[in-house]
């Protein structure tokens, strides 16, 4: 089993992984550091599972891309990740900062081909049904239409109306 780590460090981000740590990781036999990847589908074509152990997220593009490619997910049980990674449906969720539970989740999914296939199919269905460009675009247009057709309140209520 090999693990692929895609993405380049961000020197302006203090939480980014430091180069000395990456140099140590490059020595690990089963860890492949890919750096920046232009076409992420090439990564998912090689991978059986997408894993994002994070402390916090917005809506993680990496999990959306993996789900679009039909991959099962393992993610931290944090807001953002839970939007796409759903426990027992297409994902195994783990507590943040718990490497032992993460390792057990990886082993469980890697040792259960049927679960990987079931979760992968569910990932694809979820991303198409809920996160497609067409759906998101339609929801944005509907939101703006609702906002533009609302009657503006009197001046003293303008601020609260705008932040609703």
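The values are calculated or read from the model by the stated rules, or taken from the named source; none is laboratory data. Remember, it's a predicted structure, so these values are computed and weren't measured experimentally. FYI the Cβ positions are ideal-geometry reconstructions off the backbone, even for glycines, and counts take in every protein chain you see.
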Note to self: It is to be established whether one or more residues within region 32-55 are part of a loop (DSSP other than H, G, I, E, B) and farther than 16 Å from residue 5 by Cα.
What the structure shows: yes
Checklist line | One residue from 9, 14, 96 being assigned to a loop (DSSP other than H, G, I, E, B), touching a helix residue (DSSP H, G or I) at 6+ places or on another chain (Cβ under 8 Å) and farther than 24 Å from residue 130 by Cα | finding: 9
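Conditions (1) within 21 Å of residue 102 (Cβ to Cβ); (2) surrounded by 15 or more Cβ atoms within 10 Å (Cβ to Cβ), marked per residue:
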{"position": "26", "(1), (2)": "no, no"}
{"position": "44", "(1), (2)": "yes, yes"}
{"position": "50", "(1), (2)": "yes, yes"}
{"position": "68", "(1), (2)": "no, yes"}
Next item on the list: Evaluate the following for residue 109: is it modelled with pLDDT of 90 or more, part of a strand (DSSP E or B), surrounded by 15 or more Cβ atoms within 10 Å (Cβ to Cβ) and in contact with a strand residue (DSSP E or B) (Cβ under 7 Å, 6 or more places away or on another chain)?
Entry: no
Next item on the list: Among the candidates 120, 70, single out the residue that is closer than 21 Å to residue 46 by Cα and not in a loop (DSSP other than H, G, I, E, B).
Entry: 120
Notebook entry, point to check: Of everything in region 28-42 that's farther than 24 Å from residue 101 by Cα and without any contact (Cβ under 8 Å) to a residue 24 or more places away in the chain, which residue is surrounded by the most Cβ atoms within 10 Å (Cβ to Cβ)?
Noted result: 42
Checklist line | Residues of region 80-96 satisfying the condition of being surrounded by 15 or more Cβ atoms within 10 Å (Cβ to Cβ) and at positive phi | finding: 80
